Amino acid sequence: MAYKIAVFDAKPYDQDTFEKVNQQFGYELVYHKEHLDKHNVILAGGADAVCIFVNADVDKYVIDKLCEMGVKLIALRCAGFNNVDIAYAAGKIKVVRVPDYSPHAIAEHTLALMLCLNRKVHRAFLRTRDWNFSLNGFLGFDMYEKTVGVIGTGKIGKTVIGVLKGLGMKILAYDLYPDHEFAAKNDIKYATLDEIYTNADVITLHCPLTKETEYMICEDSIAKMKDGVMIINTGRGKLIHTKHLIDGLISRKIGYAGLDVYEEEGAYFYEDCSDSVLTDDVLARLLSFNNVIVTSHQAFFTEEAMSNIANTTMNNVADFFAGKELKNEVVHQAK
Ligand code: NAD
C-alpha cells in the first residue's frame, strides 16, 4: 500500500510539480488548501507524513496531535524551519526540510526589488499607462560603488553578494559564523552589525529567523542607519519590527523598503483577498507608501526552484520510509 502524504498549503502550481515528481515515487498525495495549524491538524488523520510550507504553524499542540494520529514525518518544502517547534518535536517526530533549492531564485528577486525601488519601475509602469511621461520623483542613484550590507552569508547571502559585485557595489557582510575564506576569495569585508547600520546605503537580510535575529531591524538599529537607506527583506518577516519600519518611512529615515516577507503574512500571502476588506492596519499602511514594494513571499518562485523543492521533498520522504540516513533532517541543537 502506498504511503499517504497530506500536502498542506497546496496551490495548483504545487500540485502540478508534485504530481509530476510523484510519478517516480507513487505516493498517495492528499492536497489541502489550508496551511497546517492547530485548527486543521485533524485533516492529517490517516496520513503517514505531512508536507508543509512557510506559513504553517507547528506548535506543541500540532506536534502532539500529529503523533497521536500516527503521522511519522513532517516534511517542510522550504529552507526555513522557524515555524516548527523543533525542540518539542525532538524524539517525537522527525522533521526534514529542503535546505537548498535555488539560492539564485531568491538572490535574483532581491536584485529585482532593489533595482525596481531605486529606479521606480513600479511607479513608471503605472504612470506611462496613464499617458504620463514625466520623470518627476523618479530620480534614482547609481548602485555602482554604493555600499551594501549583506546580513547572513549562507547560500543565499553569498549568491546575492556575487550578483551585487557584478554591479560594482562595495560589500560589507555580517554573519554569526563568518566565512573568511569566501571573503578573501571574493574580496569582501566582514563587519559588525553596527558598522553595517552606519555605513550601508542598502541593507539586505539573508539570515534565518531565530530568537537572536527577531526584530533585529527595529527602532534602535534604524536610528543608526544612513538617512534614506534602502532595506530589503527576502528572509523572514519577523526580522523587521514593521511598526518601527513604518515610523522610519514616515520620518524619511528609510528611503525604500522591499519586502518579500511580512511578520503577519500567514493571514494573507498566497491568497487572493481582493474581495475582502484588509483589516491589518499595519500592512495597509505599508502598502500606502510608493517607496515600498511588498511581494507575497515569492522570491523562491521559479520553475527551477519548484522542481528542486518537489524532488528533494519526495526524496526526503522516501529516505525516511526506507529507513535511510536523513541528510536534510532538522535536528534540535540543545544550547
Ligand atoms: P543558510 O543556512 O545557507 O544561511 C544562513 C546564514 O545565516 C548562515 O551563514 C548562518 O551562519 C547565518 N546566521 C545564523 N544566525 C545568524 C545571526 N544571528 N546573525 C547573522 N547571521 C546568522 O540559509 P539560506 O539558504 O541562505 O537562507 C537564508 C534564509 O532565507 C532562510 O533562513 C529563510 O528564512 C530565507 N528564505 C526565504 C525565501 C523566500 O522565498 N523569500 C526562500 C528561501 C529562504
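Readers should treat all values here as calculations from the given coordinates under stated rules, not as data from a laboratory. Quantities reported herein were computed from a predicted structural model and do not represent experimental measurements. As a convention, Cβ positions derive from the backbone with ideal geometry for all residues, glycine included, and neighbour counts pool all protein chains shown.
Things to note:
- Taking the Cα centre of the chain as reference, the dipole from Cβ charges on Lys and Arg (+1) and Asp and Glu (-1) amounts to some 540 debye.
- If you count Lys pairs in region 131-200 whose Cα atoms are under 13 Å apart, skipping same-chain pairs closer than 8 places in sequence, the total is 7.
- Amide hydrogen neighbours beyond the local backbone of K170, cut-off 5 Å, H modeled: E145, K146, T147, V148
- Other-chain or far-sequence residues with amide H under 5 Å of K226's (modelled H): A200
- The chain - percent relative contact order, Cα under 8 Å, separation 6 or more: 17 percent
- Between the alpha-carbon centres of region 271-294 and region 153-177 there is a gap of 30 Å.
- Cα→Cβ-extended label distance, 7 Å offset, between A223 and E329, nm: 4.6 nm
- Once C-alpha pairs closer than 8 Å and six or more residues apart are averaged by separation and normalised to the residue number of region 49-95, the relative contact order reads 50 percent.
- Across region 201-210, coupling constants 3J(HN,Hα) worked out from phi with the 6.51/-1.76/1.60 Karplus curve, θ = phi - 60°, read 7, 10, 10, 10, 9, 9, 9, x, 7, 9 Hz, and Gly and Pro carry x.
- Orientation-averaged projected area, Cα convex hull of the chain (nm²): 18.8 nm²
- Test item: Cα-centred dipole of region 174-252, Lys/Arg +1 and Asp/Glu -1 on Cβ, debye: 260 debye
- Whole-Å semi-axes of region 156-241's equivalent ellipsoid (Cα gyration tensor): 21, 15, 12
- ³J(HN,Hα) computed for each position of region 5-15 - Karplus, 6.51 cos²θ - 1.76 cosθ + 1.60, integer Hz, glycine/proline x: 10, 8, 9, 8, 6, 8, 9, x, 5, 5, 4
- The share of C-alpha pairs in region 197-298 whose separation exceeds 24 Å stands at 18 percent.
- In summary, the lysines within cross-link reach of K33, defined as a Cα separation below 25 angstrom excluding same-chain residues under 8 places away, comprise K4, K11, K20, K60, K65, K72, K94, K238.
- Ranked by the mean number of other Cβ atoms within 10 Å of their residues, highest first, the peptides 194-200, 19-25 come out as 194-200, 19-25.
- Options L287, F320, L36, ranked by Cα towards positive dipole end of the chain, top entry (Cβ charges): L287
- With the charge dipole of the chain set up from +1 on Lys and Arg Cβ and -1 on Asp and Glu Cβ about the Cα centre, the Cα lying farthest toward the positive end among the listed residues Y190, L239, Y101 is that of Y190.
- One quarter of the convex hull surface built on the alpha carbon atoms of region 255-324 amounts to 7.3 nm², the projected area averaged over directions.
- Note on K224: aspartates and glutamates with a C-alpha under 17 Å away, same-chain residues under 8 apart excluded, are D194, E195, D201, D247.
- With the biggest extent put first, the Cα atoms of region 1-76 measure 33, 27, 16 Å across the principal axes.
- Applying a DSSP loop filter and a limit of 14 other Cβ atoms within 10 Å to the trypsin sites (Lys or Arg not before Pro) in region 229-332 leaves R252, K324, K327.
- Per-residue ³J(HN,Hα) for region 174-182, Karplus 6.51 cos²θ - 1.76 cosθ + 1.60, θ = phi - 60°, Hz, x for Gly and Pro: 9, 8, 4, 10, x, 9, 5, 5, 4
- Region 1-153, relative contact order in percent, only Cα pairs under 8 angstrom and at least six apart counted: 16 percent
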